[in-house]
1. Kindly indicate whether any position in segment 80-89 is free of Cβ contacts under 8 Å to residues at least 60 places away in the same chain and in contact with a strand residue (DSSP E or B) (Cβ under 9 Å, 6 or more places away or on another chain).
2. Restricting attention to segment 205-234, report how many residues are assigned to a loop (DSSP other than H, G, I, E, B) and either exposed (fewer than 13 other Cβ atoms within 10 Å of the Cβ) or more than 22 Å from the chain's Cα centre (by Cα) (or both).
3. For residues in segment 152-165 being out of contact with any strand residue (DSSP E or B) (no Cβ under 9 Å at 6 or more places or on another chain) and under 19 Å from residue 9 (Cβ atoms), which is surrounded by the fewest Cβ atoms within 10 Å (Cβ to Cβ)?
4. Listed residues 149, 193, 170; which is surrounded by 20 or more Cβ atoms within 10 Å (Cβ to Cβ) and either modelled with pLDDT under 95 or closer than 19 Å to residue 267 by Cβ (or both)?
5. Look at residue 243 and say whether it is in contact with a strand residue (DSSP E or B) (Cβ under 7 Å, 6 or more places away or on another chain) and surrounded by 21 or more Cβ atoms within 10 Å (Cβ to Cβ).
6. Considering only residues that are surrounded by fewer than 18 Cβ atoms within 10 Å (Cβ to Cβ) and part of a helix (DSSP H, G or I), which ones fall in segment 262-285?
7. Do we have any residue at all in segment 350-364 that's touching a strand residue (DSSP E or B) at 6+ places or on another chain (Cβ under 8 Å), farther than 14 Å from residue 403 by Cβ and surrounded by fewer than 20 Cβ atoms within 10 Å (Cβ to Cβ)?
8. Does residue 335 fit the bill of being in contact (Cβ under 8 Å) with a residue 60 or more places away in the chain and assigned to a helix (DSSP H, G or I)?
């Protein structure tokens with residue numbers, strides 16, 4: 001297994017790339033060389049094939065029929081390196097001439113400092129202007145892609161691709177990569193060695209290519225200015241991130257997947273949450289501080305999620321949170337909420353326990369009739385289930401073996417639900433808590449729909465209202481409202497039989 005995979009792309013610069021590759025092949029180091037001809041017409045591809053046939057360090061070259069730019073071929077080089085279990089990927093421009101021993105000199109930085117994820121050569125651009133252009137300077141903010149060595153394992157801990165897939169063709173991908181690595185807590189470094197670099201040689205020789213590059217630059221530049229706007233303001237990655245979601249306790253629970261992803265992407269930044277329900281974040285390892293009011297600091301990055309889910313019609317509430325704010329977060333395949341508690345709940349008696357939240361809620365439209373809850377509870381009791389009532393409210397003659405309504409703190413409620421084998425209830429805070437602690441959950445919905453609200457933290461089935469009712473799922477078809485005024489006719493289209501079938505599917 002080689003130690004380095006050196007990736008060189010070329011376009012119509014056969015004489016120049018010969019000089020570059022001559023220096024690489026003479027420079028020493030345990031490497032293989034991957035060459036990509038980006039649709040040249042000057043014999044570059046034939047030269048690459050001849051070189052591959054004569055030197056075992058040169059793998060079979062890729063001859064493109066169309067110019068793929070900088071990003072796609074180097075992305076493929078990363079895949080080649082991963083498949084061959086090569087630890088370091090090296091990007092090298094075809095208009096450079098590296099000195100003898102260059103690979104080992106660059107790799108030595110990783111040995112000296114395990115916190116370094118990328119190494120480049122001293123000289124050229126290393127600083128980012130307020131307009132997000134590269135320039136020379138005293139501050140090492142990024143490493144140019146003209147000569148860049150990357151520790152692949154460290155890169156893959158940050159993201160699965162070499163470059164941001166939102167970027168196209170070429171421009172800005174090296175600065176973005178360095179910033180991504182630094183934001184994740186890694187360092188970048190440079191080696192003081194003399195490497196010749198002509199710069200922009202291919203594009204200067206081809207007016208059509210120059211125009212294409214300029215179009216890509218404009219597109220990428222606009223995206224990068226937005227993506228790194230806060231960094232360009234504060235020039236650091238250890239500032240606070242303040243996430244604001246003040247109201248609707250159930251919707252506040254639903255921001256926890258967003259917070260987890262945010263913390264993973266920004267491990268140097270403490271997360272603060274401003275909410276009316278700070279107790280929901282007790283024990284959350286991703287949240288440094290939660291309070292009803294977070295006093296702002298000048299360098300804060302504030303993400304306001306108030307009214308985000310309310311303004312996201314026909315979209316899952318968690319998806320709405322990921323679509324908001326100034327930070328682009330990779331979305332998880334599953335939306336898993338979380339809550340934490342002090343001590344496990346001790347069941348009052350052995351057997352299977354079903355927690356029920358029978359309401360009432362603050363929305364009439366979400367309240368399922370008590371007699372139907374009672375019918376479900378009676379049938380479960382016949383099958384040996386024990387029923388515990390949770391949440392607020394005290395009316396409703398429902399069979400129960402334990403009644404904790406109006407008696408629990410948030411953490412106590414979480415502990416009880418975590419100790420139960422099943423939860424049955426309406427779209428409400430206890431339902432969100434049940435899912436957050438992993439309890440199999442049957443949710444009952446009227447003007448809301450389970451597919452936009454229930455999460456993947458626990459096995460679940462949503463019992464939705466009759467879709468033929470004109471107001472079924474209405475909450476998700478309108479934007480900007482916090483309450484649907486409906487008397488409860490819609491949720492009454494959910495039958496006892498429908499709920500029992502949902503329970504059977506989760507518990508058989």
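The values are calculated or read from the model by the stated rules, or taken from the named source; none is laboratory data. Since the structure is predicted, the reported quantities are computational estimates derived from the model, not experimental observations. Reconstructed Cβ throughout: ideal geometry from the backbone, glycine too, with neighbour counts over all protein chains shown.
1. No, because not a single residue in segment 80-89 is free of Cβ contacts under 8 Å to residues at least 60 places away in the same chain and in contact with a strand residue (DSSP E or B) (Cβ under 9 Å, 6 or more places away or on another chain).
2. Counting residues in segment 205-234 that are assigned to a loop (DSSP other than H, G, I, E, B) and either exposed (fewer than 13 other Cβ atoms within 10 Å of the Cβ) or more than 22 Å from the chain's Cα centre (by Cα) (or both) gives 2.
3. 165
4. 170
5. Details: in contact with a strand residue (DSSP E or B) (Cβ under 7 Å, 6 or more places away or on another chain): yes; surrounded by 21 or more Cβ atoms within 10 Å (Cβ to Cβ): yes.
Judged against the criteria, residue 243 is a match.
6. Initial filter on segment 262-285 (surrounded by fewer than 18 Cβ atoms within 10 Å (Cβ to Cβ)): 264, 267-268, 270, 276, 279, 282-283, 285.
Within segment 262-285, 264, 279 qualify.
7. Yes, some residue in segment 350-364 is touching a strand residue (DSSP E or B) at 6+ places or on another chain (Cβ under 8 Å), farther than 14 Å from residue 403 by Cβ and surrounded by fewer than 20 Cβ atoms within 10 Å (Cβ to Cβ).
8. Against the criterion (in contact (Cβ under 8 Å) with a residue 60 or more places away in the chain and assigned to a helix (DSSP H, G or I)), residue 335 does not qualify.
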